[in-house]
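Worksheet: the structure to be examined is printed underneath.
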Ligand SMILES: [Zn+2]
């Protein structure tokens, strides 16, 4: 696919509610990740150096979407989309794990950082610049830009802008800055076809319809990723829950255990959690590590102290544990490594355990 010229791209938009930017009273937008400052005079950040670890705000773990804009021209994508990107767009993005704000808990979101940049706008000569680093002191995309392109042609499917804009037209520091993210119209169409929700093509884009070549690319790409389809689940089905119950020999669901769980952890259970509460003590879960994890009795389950409560329910001989997120509709599964003290996502749903 590389080398094909004239790929048509347009800027995208998504929900105003963002996962790594907070709206506060005094400031319009506040990024939750702190960027390195490159200029002491104007405090301009290093917009190409991604903060590490990269955090997502608490309680912003949106469900139902798989792709959403991240700060400064990057993207958050689901595990499924990362697999799609790996096949169709190799080397166009770099990926980072993300963490729940202020914690060592990984989230199910990947930060996708476009590797290719494009200049799609230039600020007016009249805009004041920093005497030290020459960055504009403000750069409102409407009035203070000489030009600003929402549609471009290039040889890549994902690109972010070199230039940046500010929400405030007098001082960028009063709010925050942003960069454009371009996706090819063929990729936007493909995402729609595979039901990956969360972003839209700019409504003012002049690329309204796909060309024949673009349609062909979409068809070809669909067949290239077709083998992914079967092993990726989006929906919690009764069938999947029943498979889970069979795999863990759960014959009946006792309400007593469910009530105990709700009282102890102050969390309302969902259908999957109900089943987890009823797994018999002593059963083993093997996720391919040295030693299997053994289910503890519910009285010994522990919750993390973080705002995203994870429940440890199975332990190994070395002090590591398996945890699930009871507030996640898919009950994502985590692994806690006692040496590094890091929580790592192992399955986007505990139901996937029964796939093998
Ligand atoms: Zn400066």
Note to self: Of the residues 238, 225, 199, 194, only one is over 22 Å from residue 85 (Cβ atoms) and touching a helix residue (DSSP H, G or I) at 6+ places or on another chain (Cβ under 9 Å); which?
What the structure shows: 238
Checklist line | Selection count where residues are in a loop (DSSP other than H, G, I, E, B), more than 16 Å from the ligand (Cβ to nearest atom) and surrounded by 15 or more Cβ atoms within 10 Å (Cβ to Cβ), scope the stretch 32-57 | finding: 6
Notebook entry, point to check: Quick check: is even one residue across the stretch 146-157 surrounded by 15 or more Cβ atoms within 10 Å (Cβ to Cβ), under 17 Å from residue 44 (Cβ atoms), away from the ligand (no atom under 13 Å from the Cβ) and modelled with pLDDT under 95?
Noted result: no
Notebook entry, point to check: Here are 266, 274: which of them is without any contact (Cβ under 8 Å) to a residue 60 or more places away in the chain and exposed (fewer than 12 other Cβ atoms within 10 Å of the Cβ)?
Noted result: 266
Checklist line | Number of the condition not met by residue 206 [criteria: (1) modelled with pLDDT of 95 or more; (2) more than 30 Å from the chain's Cα centre (by Cα)] | finding: (2)
Checklist line | Condition broken by residue 83, with the remaining ones in (1) farther than 18 Å from residue 35 by Cα; (2) in contact with a strand residue (DSSP E or B) (Cβ under 8 Å, 6 or more places away or on another chain) satisfied | finding: (2)
Checklist line | residue 284, sole failed condition from (1) at pLDDT below 95; (2) farther than 20 Å from residue 252 by Cα; (3) touching a strand residue (DSSP E or B) at 6+ places or on another chain (Cβ under 6 Å) | finding: (2)
Notebook entry, point to check: Can you tell me which residues in the stretch 82-138 are in a loop (DSSP other than H, G, I, E, B), touching a helix residue (DSSP H, G or I) at 6+ places or on another chain (Cβ under 9 Å) and within 16 Å of the ligand (Cβ to nearest atom)?
Noted result: 135, 137, 138
Item checked: Matching residues, the stretch 50-66, being touching a helix residue (DSSP H, G or I) at 6+ places or on another chain (Cβ under 9 Å) and modelled with pLDDT under 95 -> 66
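The values are calculated or read from the model by the stated rules, or taken from the named source; none is laboratory data. Model, not experiment: these values are computed from the prediction. All Cβ positions, glycine included, derive from the backbone under ideal geometry; neighbour counts span all protein chains shown.
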